[in-house]
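One structure below.
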Amino acid sequence: MKLFCEILIGLMIFSSYSSDDNSNINSGSIIGTWKPIKEVNVCSTGSEIVYDFDSCIQTGRLIFFNNGTVSDTGYKLQNGNCEQYYHETGTWSLNGNNLTAKIEGDTNNPTFFELTNNTLRIGYYDADPNELCDGENLRSYYYDEFVRVE
């Protein structure tokens, strides 16, 4: 359940980006449709714990539009059925490697952002003592990974 909540938070963050400056946008940009693939927790030792999303969660879509709006739809298994869990829209902006998301009045700035032509990773650096990995080591950061589908 905790993993699902983290995934949901990550997806909500992605779906709320506001674009004031699209000068960094080009064909190899964040603009497009993205499918959630996995969550990765990177431990302070450098090792990774990977949680591959099931086919239901991978039905979700995160869509960044050229006009600075974003749409985020998430799915989860409920009673054996894959059902839409949420649908949100918002605005986004990208200034260099700084992504800003705004949805329902909340602004989020992911601290971990990587973008290639077909892979998008968004997450947060985290030194929460309750989030251990690799035995007794702290988790350094985590991210959700998406692949471009359009």
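Numbers at a glance
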item	result
Solvent-accessible area per residue, Å², over segment 21-150 with all protein chains present [probe radius 1.4 Å]	52
Rounded to the nearest 10 Å², the accessible area of Ser29 at probe 1.4 Å	10
Using a Förster distance of 25 Å, the FRET efficiency for Cys56-Ser29 (Cβ separation, nearest 0.05)	0.35
Highest-first arrangement of 137-150, 74-87, where packing means the average Cβ count within 10 Å	137-150, 74-87
Tail weight of P(r) past 14 Å, computed on alpha-carbon pairs of segment 42-111, percent	70
Stretchable slack from Glu131 to Glu83, in nm (0.36 nm times residue separation minus alpha-carbon distance)	14.4 nm
Surface accessible to a 1.4 Å probe, Glu104 within the full protein complex, Å²	150
Rough spin-label spacing in nm, given labels placed 7 Å along Cα→Cβ, for Asn66 and Ser47	4.7
Whole-percent pair-distance distribution, where bins are 5 Å wide, for the alpha carbons of segment 20-150	2, 10, 17, 21, 19, 16, 10, 4, 1, 0
Accessible area (Å², 1.4 Å probe, nearest 10) - Thr59	60
Heavy-atom accessible surface of segment 55-126: percent carbon and sulfur, 1.4 Å	40
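The values are calculated or read from the model by the stated rules, or taken from the named source; none is laboratory data. The model shown is predicted, which means the values in this text are computed figures rather than measured ones. Ideal geometry is used to build each Cβ from the backbone, glycine not excepted, and the neighbour counts take in all protein chains shown. Keep in mind that these areas ignore ligands, DNA and RNA; they rest on the heavy atoms of the full protein, side chains included. Shrake-Rupley method; radii C 1.70, N 1.55, O 1.52, S 1.80 Å.
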